[in-house]
Amino acid sequence: MWQPNCNHLRGIGGALALALLVACASRPAVIEPPPAAPGRVPDRAPSSTSWPGNEAMFMALSLVGTPYRYGGNTPESGFDCSGLIGYVFRTSLSLVLPRTTGALFQAAGEQIAPSELRTGDLVFFGSRRDVSHAGIYVGESRFVHAPSSGGTVRLDHLDSAYWKARFLGARRVLR
């Protein structure tokens with residue numbers, strides 16, 4: 001079990017050292033949210049995530065800052081949006097997905113409502129029914145994606161005016 005390193009407390013006054021030591025040794029309280037009322041849709045997506053969803057999330061977050069490159073699908077060559085998704089799912093979960101955003105939108109998993117988003121779900125953007133962009137949902141209304149030429153893989157909010165206006169839907173690949 002992990003224990004905090006409190007060696008830095010040597011030489012501090014007795015009462016202060018004791019208070020800091022207690023703080024270092026204590027565990028944070030886990031607060032469970034109250035269950036939703038029956039028949040009521042929660043305002044936010046559930047906070048629990050599956051193991052595969054966590055694997056996809058950690059891999060996607062580790063790639064933030066990787067340069068964008070059209071057609072790119074590795075950290076060495078850079079990523080476009082569908083190349084990033086393919087790399088994350090192939091590398092972290094041994095799951096091969098379609099290569100283009102249109103094919104992902106048509107074939108990758110079941111369509112889900114925004115209120116049902118979970119870590120590892122795919123989010124899609126574009127105009128009307130023309131899908132032009134996709135990302136990986138990582139929780140708390142955020143997603144990782146490779147947005148444009150000259151940019152890098154980044155973390156953005158679904159609630160931003162730009163992405164909200166272009167949101168087309170979401171798909172659940174992981175069970």
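Numbers below:
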{"item": "Karplus 3J(HN,Hα) series, Hz, for the range 80-92 with 6.51 cos²θ - 1.76 cosθ + 1.60 (x for Gly, Pro)", "result": "9, 5, 6, x, 4, 4, x, 4, 4, 6, 5, 6, 8"}
{"item": "Amide H within-cut-off set for Phe79, under 5 Å, with H built and near neighbours excluded", "result": "Tyr68, Arg69"}
{"item": "Cα shape, the range 55-161, gyration tensor, a/c 1.5 rule", "result": "rounded"}
{"item": "Karplus (6.51, -1.76, 1.60) ³J(HN,Hα), θ = phi - 60°, over the range 99-106, in Hz, Gly and Pro reported as x", "result": "7, 9, 5, x, 5, 4, 5, 7"}
{"item": "Distance between modelled label sites at Thr100 and Asp156, nm, 7 Å Cα→Cβ extension", "result": "2.1 nm"}
{"item": "Among Leu158, Thr74, Gly169 the positive-end extreme of the charge dipole of the range 69-175 (Cβ point charges)", "result": "Gly169"}
{"item": "In order through the range 54-68: 3J(HN,Hα) via Karplus (6.51 cos²θ - 1.76 cosθ + 1.60), integer Hz, x for Gly, Pro", "result": "5, 4, 4, 4, 4, 5, 4, 5, 5, 9, 4, x, 5, x, 7"}
{"item": "Simple Cβ-charge dipole of the range 51-175, Lys/Arg +1 and Asp/Glu -1, about Cα centre, in debye nearest 20", "result": "220 debye"}
{"item": "Sequence-distant residues sharing a close amide H with Leu95 (under 5 Å, placed H)", "result": "Arg90"}
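We did not get these values from a lab; they are worked out from the coordinates using the rules stated. All figures in this text were calculated on a predicted structure; none of them were measured in a lab. Note that each Cβ is placed from the backbone with ideal geometry, even for glycine, and that neighbours are counted across all protein chains shown.
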